[in-house]
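A quick write-up on the structure given underneath.
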Amino acid sequence: KTRLRKGFLEPANFSNHYKIIMHGCGSPCQVYWIVDLETGKIIAEISSSFGISYRRESSLIIRGCADSMKDEELSYCYRMQDGITLYTVQDDKLIVLKSIPQMNW
């Protein structure tokens with residue numbers, strides 16, 4: 001509850017009026033809540049072991065290896081994950097655009 005409350009006080013960080021709030025759930029585990037700051041509703045939840053990538057001005061979310069990883073972390077991430085999933089948010093719904101399975105990267 002505390003992390004969500006604090007997240008509501010911060011500006012939008014995704015698709016202009018949404019806030020993505022991360023909560024750790026063990027190592028390596030993260031849960032990301034996508035919150036509509038205009039309505040105050042949590043519209044979706046994404047879990048990941050290696051993070052997600054997103055931009056304030058974009059509506060694309062990439063579940064896989066996070067942008068912030070260093071080269072050696074990316075190498076490990078691509079070997080260990082089960083694939084990459086691309087999402088978007090439309091009409092307050094999380095939509096899977098494409099799932100790309102791991103292919104012995």
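Pick from S15, S27: which is over 18 Å from I62 (Cα atoms) and among the hydroxyl-bearing types (S, T, Y)? Show your work before the answer.
Values: S15 fails: over 18 Å from I62 (Cα atoms).
The unique qualifying residue is S27.
Mind checking which residues of segment 5-29 are aliphatic (A, V, I, L, M) and part of a helix (DSSP H, G or I)?
Looking only at segment 5-29, we keep the residues that are aliphatic (A, V, I, L, M), and these are 9, 12, 20-22.
Matches in segment 5-29: L9 only.
Name the single residue, out of those in segment 58-81 being at pLDDT below 90 and assigned to a loop (DSSP other than H, G, I, E, B), that is most open to solvent (accessible area, probe 1.4 Å). Break it down into steps so the answer makes sense when it comes.
Quick first cut of segment 58-81, residues at pLDDT below 90 only: 62-81.
Subset that is assigned to a loop (DSSP other than H, G, I, E, B): 64-70, 81.
Values: G64: 3, C65: 13, A66: 13, D67: 94, S68: 104, M69: 42, K70: 126, Q81: 10 Å².
Across segment 58-81, the extreme among qualifying residues is K70.
In a residue-by-residue description of segment 42-57, the property of being of a type in the set (G, A, S), surrounded by fewer than 14 Cβ atoms within 10 Å (Cβ to Cβ) and more than 12 Å from the chain's Cα centre (by Cα) applies to no position.
Go through segment 6-17 and give me each residue that's open to solvent by less than 40 Å² (accessible area, probe 1.4 Å), farther than 12 Å from Y87 by Cβ and modelled with pLDDT of 90 or more. Show your work before the answer.
Taking segment 6-17 and keeping what is open to solvent by less than 40 Å² (accessible area, probe 1.4 Å), we get 7, 12-15.
Imposing the further condition that a residue be farther than 12 Å from Y87 by Cβ reduces the set to 7, 12-13.
Selection gives A12, N13.
When the residues of segment 22-41 are filtered to those that are within 20 Å of Q90 (Cβ to Cβ) and in contact with a helix residue (DSSP H, G or I) (Cβ under 9 Å, 6 or more places away or on another chain), the one that is surrounded by the fewest Cβ atoms within 10 Å (Cβ to Cβ) is G40. Evaluated against (1) assigned to a loop (DSSP other than H, G, I, E, B); (2) free of Cβ contacts under 8 Å to residues at least 40 places away in the same chain, Y32 falls short on exactly one condition, (1).
The values are calculated or read from the model by the stated rules, or taken from the named source; none is laboratory data. Fair warning: this is a prediction, and the values are worked out from it, not measured in the lab. Cβ: placed from backbone, ideal geometry, glycine included. Neighbour counts: every protein chain shown. Side chains are part of the model used for accessible areas, which takes the heavy atoms of the whole protein and leaves out ligands, DNA and RNA. Shrake-Rupley method; radii C 1.70, N 1.55, O 1.52, S 1.80 Å.
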